[in-house]
Amino acid sequence: MSSEVPFTKKNLDTCLKELAKEFRKLNGTAMCAEIILVGGAAVLANYSFREATYDIDAAITASSVMKEAVNRVGDKLNLPNGWLNMDFHRTNSYSDKLTAVSSYYKTFSNVLAVRTVAAEYLIAMKLMSGRRYKNDLSDIVGILFEHQKNGKPISREAIDNAIYTLYGETAVLPPISKQTIDDAFSYGDYEQAYMKIRESEKQSKAILLDFDKTYPGALNADKIDSILEQAMQKKREMVSDKTKQGGGL
């Protein structure tokens, strides 16, 4: 799910702190809760290249009052319903191995332990998702770039092992994900690749928004790739026609 409220590295912690307070009011201190941040929230928590995310996906282990705590924080901070959600459980990026590969982030109010998925495991999740209209592909390269800058490069072997650990030997990456990771390691210029991919993601999102305005209610997950490919092909043809026209002058 997504909202028009951007979550940043700073207000991410604010939201989690308020959540811990509300959970403690409702549940006391006898039983703690655990949250594993994934997706854009995990990128914000671990890296600096991304400024914001519009959804907070997480694996949540807590008593039933957590839902009420989430709603109370949403009301208090003017956040949309379900601002913290587990929607990713229904996607290809989910794995029941996440707890084992997650790492400690922070504890809030002594009742909310927050963990994150980072490095090669976060890349593996982004690869399995491979959405061309979100930040999945640019996040992959952004993580590689930041680790390279910090002198702790991530190897292709580490990523392949992470995919195997999370999804097993039968895991199949979307074609666009395989192309992205292959190109990233082939060319090695992560910074340039990041900017190029991010611009492509913005264009893809704009195409889908335009399609949704033109054909309300017709957009669904099964059609996204074909819609984007048709739009990109049309753009390539227009560029080709202009080139031919220019060459004939």
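The values are calculated or read from the model by the stated rules, or taken from the named source; none is laboratory data. Remember, it's a predicted structure, so these values are computed and weren't measured experimentally. Positions of Cβ are generated from backbone atoms using ideal geometry, with glycine treated the same way; all protein chains shown enter the neighbour counts. Side chains are part of the model used for accessible areas, which takes the heavy atoms of the whole protein and leaves out ligands, DNA and RNA. Shrake-Rupley method; radii C 1.70, N 1.55, O 1.52, S 1.80 Å.
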- Message: I want to confirm something. Restricting to segment 213-233 and keeping residues that are assigned to a loop (DSSP other than H, G, I, E, B) and within 19 Å of Q203 (Cβ to Cβ), which single residue is modelled with the lowest pLDDT?
- Response: L219
- Query: within 18 Å of T8 (Cα to Cα), in contact (Cβ under 8 Å) with a residue 24 or more places away in the chain and exposed (fewer than 15 other Cβ atoms within 10 Å of the Cβ) - does that describe any residue in segment 136-145?
  - Reply: no
- Could you list, in sequence order, all residues of segment 153-170 that are of a type in the set (G, A, S) and either exposed (fewer than 14 other Cβ atoms within 10 Å of the Cβ) or at pLDDT below 95 (or both)? S155, G168
- Item | Odd one out for L219, checked against (1) touching a residue at least 60 places away in the same chain (Cβ under 8 Å); (2) in contact with an Asp or Glu (Cβ under 6 Å, 6 or more places away or on another chain) | (1)
- Provide a single number: the residues in segment 172-187 that are aromatic (F, W, Y) and touching a residue at least 24 places away in the same chain (Cβ under 8 Å). 1
- Query: Here is a list of conditions, (1) of a type in the set (A, V, I, L, M); (2) in a loop (DSSP other than H, G, I, E, B); (3) over 22 Å from the mean Cα position of the chain (by Cα); (4) crowded, with 19+ Cβ neighbours inside 10 Å, and A30 meets all of them except one; can you say which number that is?
  - Reply: (4)
- Task: Check T99, T91, T8 and return the single one that is without any contact (Cβ under 8 Å) to a residue 60 or more places away in the chain, under 30 Å from E169 (Cβ atoms) and open to solvent by 40 Å² or more (accessible area, probe 1.4 Å).
- Result: T91
- Can you confirm whether segment 86-96 contains a residue that is within 28 Å of G130 (Cβ to Cβ), of a type outside the set (D, E) and in contact with a Leu (Cβ under 6 Å, 6 or more places away or on another chain)? yes
- Within the group A20, A69, A41, which residue is open to solvent by less than 40 Å² (accessible area, probe 1.4 Å), assigned to a helix (DSSP H, G or I) and within 22 Å of E146 (Cα to Cα)? A41
